[in-house]
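The values are calculated or read from the model by the stated rules, or taken from the named source; none is laboratory data. If you're wondering where the values come from, they're calculated on a predicted model, not measured in any experiment. Backbone-built Cβ (ideal geometry, glycine too); neighbour counts: all protein chains shown. For accessibility, only protein heavy atoms count, side chains too; no ligands or nucleic acids. Shrake-Rupley method; radii C 1.70, N 1.55, O 1.52, S 1.80 Å.
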Amino acid sequence: MVLSGDALTTRVSAIGFFVLFPGFILYHTLVAMGVIPALLGGLFGVVSVLMFIVYCALLPSQLYLLLASTRGYALVTLFFFAYVLLWSVANYGLIGGSVMQAALTQTVETLVLWLVLFMLGYRVPLASPRLARAFWIAFVLIAGYLIFHVATTGQWMFFARRMIEAEIEGDSVSTYQGYARSALVLLLFLIAVSERAMVRAVLIVLGAFVMFVLGARSELYAFLSLSALLLMLWAGMSVKYMITLLAVVAALIALVVSQFEALAGSRQLQIFDLSGTSSWLARQNLGQRAVEQILDSPLLGRFGGHIASAQVTGGYAHSMLSAWVNYGLLGFTLYIGLTLFAFVGAGYRLLFVGDRAARWVFAFSINFVCLLLMALAKPVFWPLPALGWGAFANAIVASRQERDDDDTQPAGTDDSHHDEPGQPDAARDIQGRNDNESGTPDFRPSAL
């Protein structure tokens, strides 16, 4: 069977979406348990490079529809990618030195991940029952294993690296940050494709448990914030969602109260007293340094300034300010603007158009989470926003094609065909069938 470029891109995206997110958790857990060897290293970087090569070959077949159907959004996204690359190369060419070389390398790594996640988000078949089943199976396995872990060890945080045998290199198993990133996308996808209020309620409760046990505070509270927002939006449209909202809140409160003694000392609850945590104090210092660099050069920023001042590639501000430092005011505006526009656009479709399709729920969810974390916790080198940009482009293109299909009159020369109430519309039937917490790129270990 020979696949067209479009069909091949869709298939690659579906496989890549599973491997990079739920597959990432399963792979690293099996490696940590010693069940399989670390054949693919950290997985995310290796798989992303392979997908980058495939997408570069397939991009010409996707470009026309992508640019023509997204009303300029995809064009602005690709312009942002090109701008970041040219900006980085120009700074390296003009200044040179080891700092600029390290900054350029970090940017190129990020661009590879951005392009992969953008194309993946654009072409992933959200309506595929097979993909949904695969995600559900992975979620049941992951949630079940974490429940077993808590029940048998009494520990409310899962560190895969603690399971590593002595002969296995520690860098071959992900930190909690990689786990939380993958679990977050897994949950957002399942919430988007699920339609029943009770199913979504169970997902939110179990999802909160999973995110808590994995231990990344940023992703946990972003997920809880999104869940509260979605339930409030849906509660305004349906009584059953109002009841669901109350049930979810009651379940979470009951869980926290019943296990408060065990949870009180966890790092997740340190958010209520961050002044005493070393990581928060370190982030405050990095953020202040970024503000000083921006004030020194508000228009151009200081490309590689985080490396020059901290002497490590992970010394960036853990917020959107890192985009201003590295890529200037224009780069910062484009970076924030792409996510903000996607969030507002998807929110408009949900609230005012009443379109509850999975593609719009997913685009709204991923861009809300990214916008929140970009403002509070994640640097410009965190690749997940690109998945949100692609998801929004996906929703635009799919909705436009759906509208065009609805507007197209079935061709035929026999007028009596349209007058028979029981006669199926063959043309329409055929058409329907065809129809890192650090954020450091995964090519190297995280600095934190």
Can you list residue pairs whose Cβ atoms sit under 6 Å apart, with the first residue in region 37-57 being of a type outside the set (A, V, I, L, M, F, W, C) and the second being open to solvent by 60 Å² or more (accessible area, probe 1.4 Å)? Count only pairs 6 or more apart in sequence or on different chains.
45/443
Does at least one position in region 55-63 carry a residue that is part of a loop (DSSP other than H, G, I, E, B) and not aromatic (Phe, Trp, Tyr)?
no
In region 81-132, what residues are closer than 26 Å to residue 11 by Cβ and not in a helix (DSSP H, G or I)?
124, 125, 126, 127, 128
Exactly one of 329, 340, 351 is closer than 30 Å to residue 186 by Cβ, open to solvent by 50 Å² or more (accessible area, probe 1.4 Å), outside any loop (DSSP other than H, G, I, E, B) and at pLDDT 90 or above, and that residue is 340
Is it the case that region 154-168 has a residue that's open to solvent by less than 30 Å² (accessible area, probe 1.4 Å) and either modelled with pLDDT of 90 or more or under 15 Å from the mean Cα position of the chain (by Cα) (or both)?
no
Any residue in region 205-223 that is part of a helix (DSSP H, G or I) and closer than 18 Å to residue 360 by Cβ?
no
Considering only residues that are open to solvent by 50 Å² or more (accessible area, probe 1.4 Å) and among the charged types (D, E, K, R), which ones fall in region 194-212?
195, 196
Answer with yes or no whether residue 38 is open to solvent by less than 50 Å² (accessible area, probe 1.4 Å) and modelled with pLDDT of 90 or more.
no
Which numbered condition trips up residue 130, out of (1) under 15 Å from residue 22 (Cα atoms); (2) in contact with a helix residue (DSSP H, G or I) (Cβ under 7 Å, 6 or more places away or on another chain); (3) surrounded by fewer than 14 Cβ atoms within 10 Å (Cβ to Cβ)?
(2)
